[in-house]
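Visitor: Sharing a structure with you now.
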Amino acid sequence: MGTKVNVIGKNTFMLTDRLIRVNQFLLVGEEGALLIDTGYGGKGFASALKKLAPPRLFVANSHLHPDHSNGNSLFERIYVGEADMPEKGMPSNALALAVAEHYEKHSHVPKALIKKILSYGLITPGKEEYAPMSASFSLGGRTIETLACPGHTPGSTLFADRESGDLFVGDAVNGAFWAFTDPSLTLSGYAEVLKGLLPRLDGCKRLWISHSVKPLDIGYIEAFIETLLDVKPEEGK
């Protein structure tokens with residue numbers, strides 16, 4: 001299906017996988033660029049990126065889930081939140097395997113189809129090198145700050161472009177939130193993580209998320225916190 005490119009700001013591009021509907025973001029400065037997430041890679045993504053990105057390119061994952069990182073093999077070095085480094089283990093792989101096992105035992109879905117879908121749900125690092133997330137990325141006339149936001153995964157990271165007012169949040173804040181692959185965190189605990197980040201979001205006006213082409217107003221974070229606190233454990237499954 002290929003990759004669709006939208007210009008969402010000055011020297012700022014959103015690359016959307018037309019089939020999976022997951023976004024990657026390219027932020028270009030005078031001396032380099034930052035790519036946030038790599039999606040599933042593929043020829044369409046690689047071709048679109050080649051037309052837009054300068055030779056000096058930093059690549060970072062908002063978190064290490066396959067729909068955000070399976071294109072990592074296209075690059076030499078990937079920055080990722082330290083708690084999501086591959087050597088720390090991959091909770092999402094265990095989750096994907098457990099879901100596949102459930103469907104094999106309790107559904108009529110053909111095993112061949114389950115296996116095919118599972119191939120998109122597992123993270124399999126290749127020759128690419130992983131490095132702990134940098135505190136900021138200097139692109140020449142443009143600096144992108146990073147903010148640790150453990151919850152959706154232990155190493156989830158936000159990227160703040162204060163000059164433009166854009167905050168790139170991956171899946172950390174979302175309209176349809178798949179809560180955690182971090183078993184140590186509760187909904188109320190995650191609300192406290194987000195509360196702690198609020199004072200550090202000065203200048204941020206818009207939230208760009210990974211599974212919608214429209215931004216959210218920065219005030220959505222406070223509403224999201226309230227929702228996390230409203231959910232009762234007995235109401236969940």
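The values are calculated or read from the model by the stated rules, or taken from the named source; none is laboratory data. Note that this is a predicted model, so its numbers are computed, not measured. Here the Cβ positions follow ideal geometry from the backbone for every residue, glycine too, while neighbour counts run over all protein chains shown. Accessible surface areas use protein heavy atoms only, side chains included; no ligands, DNA or RNA. Shrake-Rupley method; radii C 1.70, N 1.55, O 1.52, S 1.80 Å.
Visitor: Sequence neighbours fewer than 8 away in the same chain don't count; with that in mind, list the lysines whose C-alpha is under 30 Å from residue 50.
Guide: 4, 10, 116, 127, 205, 214
Visitor: For residue 212 and residue 105, what does the FRET efficiency come to when R0 = 30 Å and r is the distance between their Cβ atoms, rounded to the nearest 0.05? Each step should come with its number before you reach the end.
Guide: Numbers: r = 34 Å, r/R0 = 1.13.
So the FRET efficiency works out to roughly 0.35.
Visitor: Indicate, rounded to the nearest 5 percent, the antiparallel portion of the DSSP beta bridges found entirely in the chain. Don't skip to the end; give the middle numbers.
Guide: Details: 27 of 40 bridges.
Bridges in the chain are about 70 percent antiparallel.
Visitor: Now for a separate question. So if each residue of separation counts as 0.36 nm, and I subtract the Cα-Cα distance between residue 136 and residue 234, what length gain in nm does that give?
Guide: Taking residue 136 through residue 234 to full extension adds about 31.2 nm, to one decimal.
Visitor: Could I ask something else about it? Using a 1.4 angstrom probe, figure out how much accessible area the chain has per residue, in square angstrom, rounded to the nearest whole. Mind dumping the intermediate values first?
Guide: On the way: 12390 Å² over 237 residues.
I get 52 Å² per residue for this part.
Visitor: Provide, in order from the shortest bin, the percent of all Cα-Cα pairs of segment 1-118 in each 5 Å bin, continuing until the bin that contains the maximum pair distance.
Guide: Here the calculated profile for segment 1-118 is 2, 11, 19, 20, 16, 13, 9, 5, 3, 1, 0.
Visitor: In whole Hz, with x marking every Gly and Pro, tabulate ³J(HN,Hα) for segment 15-25 from phi via Karplus 6.51 cos²θ - 1.76 cosθ + 1.60, θ = phi - 60°.
Guide: Result, rounded to whole Hz: 10, 10, 5, 5, 8, 7, 6, 10, 9, 10, 10.
Visitor: To the nearest Å, what is the center-to-center distance of segment 137-175 and segment 185-237, using C-alpha atoms only?
Guide: Rounded to whole Å, the Cα centres lie 14 Å apart.
Visitor: For segment 100-149, build the convex hull from the C-alpha positions and give me its volume per residue in Å³.
Guide: Details: hull volume 7.9 nm³, N = 50.
Convex hull of Cα atoms, per residue: 158 Å³.
Visitor: Note down the relative contact order for segment 116-237 as a percent, whole number, built from C-alpha pairs under 8 angstrom at least six residues apart. Display every interim value, and only then the final one.
Guide: On the way: 156 pairs, mean separation 24.0, N = 122.
Once normalised by length, the contact order is 20 percent.
Visitor: Could you rank 38, 146 by how accessible they are, 1.4 Å probe, largest area first?
Guide: Working: 38 0, 146 20 Å².
Highest to lowest solvent-accessible surface, that is 146, 38.
Visitor: Related question: List the lysines whose alpha-carbon lies under 27 Å from that of residue 111, not counting same-chain residues fewer than 8 positions away?
Guide: 237
Visitor: Using a Förster distance of 35 Å, how high is the FRET efficiency between residue 75 and residue 202, based on the Cβ-Cβ distance and rounded to 0.05? Don't skip to the end; give the middle numbers.
Guide: Values: r = 32 Å, r/R0 = 0.90.
E between residue 75 and residue 202, to the nearest 0.05, is 0.65.
Visitor: While we're here: Mind ordering 72-84, 153-165 by average Cβ neighbours within 10 Å, highest first? All intermediate terms of the calculation are to be shown ahead of the outcome.
Guide: Details: 72-84: 19.6, 153-165: 21.7.
Descending mean neighbour count gives 153-165, 72-84.
Visitor: Using a 1.4 Å probe on the protein chains only, how many percent of the accessible area of the chain belongs to carbon and sulfur? Working shown, then result.
Guide: Values: 6840 of 12390 Å².
Carbon plus sulfur share of accessible area: 55 percent.
Visitor: Once label points are set 7 Å from the Cα along Cα→Cβ at both residue 52 and residue 116, what is their separation, rounded to one decimal in nm?
Guide: Distance between the two pseudo-spin positions: 2.9 nm.
Visitor: Obtain the radius of gyration and the Kirkwood radius of segment 121-235 from its C-alpha atoms and give Rg over Rh.
Guide: On the way: Rg = 15.0 Å, Rh = 15.3 Å.
Checking Rg against Rh, the ratio lands at 0.98.
Visitor: Can you run the Rg to Rh ratio on the chain? Use alpha carbon positions and the Kirkwood inverse-distance Rh. Walk me through the intermediate numbers first.
Guide: Numbers: Rg = 17.7 Å, Rh = 18.4 Å.
Radius of gyration over Kirkwood radius for the chain works out to 0.96.
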